[in-house]
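As structure tokens, the structure follows; a few thoughts come after it.
The values are calculated or read from the model by the stated rules, or taken from the named source; none is laboratory data. This is a predicted model, so every value here is computed, not measured. Using ideal geometry, Cβ is built from the backbone for each residue, glycine included, and neighbour counts are taken over all protein chains shown. SASA here: full protein model, heavy atoms, side chains in, ligands and nucleic acids out. Shrake-Rupley method; radii C 1.70, N 1.55, O 1.52, S 1.80 Å.
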Amino acid sequence: MQENRSFDSYFGTYPGADGIPMRGGQPAVCISDPRSGTCVRPFHDRQDRNLGGPHGAASATADIDGGRMDGFVQQQQAGLAGCAQTFNPACGDGGGASDVMGYHNGADIPNYWTYARDFVLQDHMFESNASWSLPAHLYLVSEWSAWCRRQGDPMSCQNALQSPGNPPDFQRRLGIRAPVAPDYAWTDLTYLLHRDGVSWGYYVFTGSEPDCENDQAMSCAAVGQSARTPGIWNPLPYFDTVRQDGQVGNVRSLSDFFSAAKAGTLPAVSWIGPNGRVSEHPPALVSAGQTYVTGLINAVMRGPDWNSTAIFLSWDDWGGFYDHIAPPRVDANGYGLRVPGLVISPYARHGYIDHQTLSADAYVKFIEDDFLGGQRLDPHTDGRPDPRPDVREAAPELGDLSSDFDFSQAPRPPEILPLDPKTDLLAPVPGTPGGPASTRAAGGGRAARRGRRSARLRRRAAARRLSGSATG
């Protein structure tokens, strides 16, 4: 699971996909710019570092605007300028260009487009919930985002699209001097996996987690994360089920993933979370994320488990970036905006574009069908009742990931891609803000060339680390 990119921002010009509407080779849509009175069309943005826009629940509602999908520019412009950290989702462009309308193409992100060309691209994958990272990651493992009034009592939990129980680091940002760890008392997928003896692992890359719960926060400093520090991208240790089942040790360092992939001892189900530097969450570099993801996929492809593996790659929310498809309304929580989705497997259909309506709920459904005989996170049948509003896997809108595979074909060989591929992305000039206006203005000079060289050196260093045993 990567961070904060819309489908149109990465695959809006991918051939055959439901991408940015075009007329005569040019974008046919135009979003009003309330500041200038003109409008902004989607444009090819070669910047390796993007800014994005606000991406909490209120911003999702504003961006969608009743299905008109025209709030992106206004939301970025209304974002805070001069923030302590530009990865605060409340931050905007500070008066510069609206890079939420920018998109990358195959020359910018060649490995991602290669996976799409040679495996499966999903062009109607929506965020499960219309909100930010913490609810998205809660949905990824449990199909719900909630706040529980009484510790240890699943029936005390109530719907919380924007503000589930915050980890202690977020409580400190809100001025709480003695934070208390949240209690996620409702049922998550690991409860069913453990009950049926299905192995699982949640792998965490040591580093930082850049996001904020409060869209109105003036600053949002990055906080550290590791397998031993639960947070917005690592919520499982706060679930009662994980603690009661003695499964907290299944939350592991990323280095354990590389070791298991090499040895052929990967668990049946693995989740992998990034750190801030490789997350693609603005202002993280797009190229750094692509290198990191390629390293993960290469590790599986080189290992003995490749012939029985399905890799699902997606992004947790849209990050404020433009997308032209209005999400279906499933319930009070979602779906949220569209994000990229890829399926990579020796049995994945070759060059297939899956047009089904999907969300991260489809991953849970696929795991349940594959390992649990179709058991669902259903409070009426799973033996652990909670008051969740619905059974997400049963939503009639939700597609079936099994259609992305052809199990009659012989398993396809690995496709090892370069960790540092040639790209048309422009590196930010060292010492300047990450916004597109500043980097574009300096794009042809010696400083920009030095910036591109230094970025290449950093990517190559990262590639060398990932080709060996990455440190988690």
Within the range 99-109, tally of residues that are open to solvent by 10 Å² or more (accessible area, probe 1.4 Å) and either touching a Ser or Thr at 6+ places or on another chain (Cβ under 6 Å) or modelled with pLDDT under 95 (or both): 2
Is there a residue in the range 196-208 that is among the hydroxyl-bearing types (S, T, Y), at pLDDT below 90 and under 28 Å from T309 (Cα atoms)? yes
Among L134, L138, L121, L80, which is at pLDDT below 95 and open to solvent by less than 10 Å² (accessible area, probe 1.4 Å)? L134
Taking the range 302-317 as the search range and keeping residues that are part of a helix (DSSP H, G or I) and not charged (D, E, K, R), which one is most open to solvent (accessible area, probe 1.4 Å)? S308
Consider N298 carefully, then state whether it is open to solvent by less than 10 Å² (accessible area, probe 1.4 Å) and closer than 24 Å to Y202 by Cβ. yes
Scan of the range 351-377 for residues that are part of a loop (DSSP other than H, G, I, E, B) and either modelled with pLDDT under 95 or of a type in the set (S, T, N, Q) (or both), ordered by number: Q356, T357, Q375
Taking only pairs six or more apart or across chains, which ones have beta-carbon atoms under 6 Å, a first residue in the range 287-301 that is closer than 16 Å to H104 by Cα and in a helix (DSSP H, G or I), and a second residue that is open to solvent by less than 10 Å² (accessible area, probe 1.4 Å) and β-branched (V, I, T)? A288/V278; G289/V278; Q290/I109
Within 25 Å of D317 (Cβ to Cβ) and buried (at least 23 other Cβ atoms within 10 Å of the Cβ), is that true of P237? no
Could you say which residue among R252, R277 is at pLDDT below 95 and either part of a helix (DSSP H, G or I) or hydrophobic (A, V, I, L, M, F, W, C) (or both)? R277
For the structure I just gave you, tell me whether A261 is within 14 Å of W200 (Cβ to Cβ), at pLDDT 90 or above, out of contact with any Pro (no Cβ under 8 Å at 6 or more places or on another chain) and not polar (S, T, N, Q). no
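Listed here are the residues, each with its yes/no results for (1) over 24 Å from A78 (Cα atoms); (2) surrounded by 13 or more Cβ atoms within 10 Å (Cβ to Cβ).
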{"position": "D18", "(1), (2)": "yes, yes"}
{"position": "P27", "(1), (2)": "yes, yes"}
{"position": "C30", "(1), (2)": "no, yes"}
{"position": "D33", "(1), (2)": "no, yes"}
{"position": "S36", "(1), (2)": "no, no"}
{"position": "H44", "(1), (2)": "no, yes"}
{"position": "G52", "(1), (2)": "no, yes"}
{"position": "A58", "(1), (2)": "no, yes"}
Does T38 satisfy the criteria of being more than 13 Å from D99 (Cα to Cα), among the β-branched types (V, I, T) and touching a residue at least 12 places away in the same chain (Cβ under 8 Å)? no
For I20, work out the one condition from (1) among the hydrophobic types (A, V, I, L, M, F, W, C); (2) under 17 Å from W113 (Cα atoms); (3) without any contact (Cβ under 8 Å) to a residue 40 or more places away in the chain it doesn't fulfil. (3)
Considering (1) assigned to a strand (DSSP E or B); (2) surrounded by fewer than 21 Cβ atoms within 10 Å (Cβ to Cβ), say which one V343 fails and leave the rest. (2)
Taking the condition open to solvent by 10 Å² or more (accessible area, probe 1.4 Å), of a type outside the set (A, V, I, L, M), touching a strand residue (DSSP E or B) at 6+ places or on another chain (Cβ under 9 Å) and assigned to a loop (DSSP other than H, G, I, E, B), does S163 pass? yes
If only one of G320, G336, G383, G373 is touching a strand residue (DSSP E or B) at 6+ places or on another chain (Cβ under 9 Å) and either surrounded by fewer than 17 Cβ atoms within 10 Å (Cβ to Cβ) or in contact (Cβ under 8 Å) with a residue 40 or more places away in the chain (or both), which one is it? G336
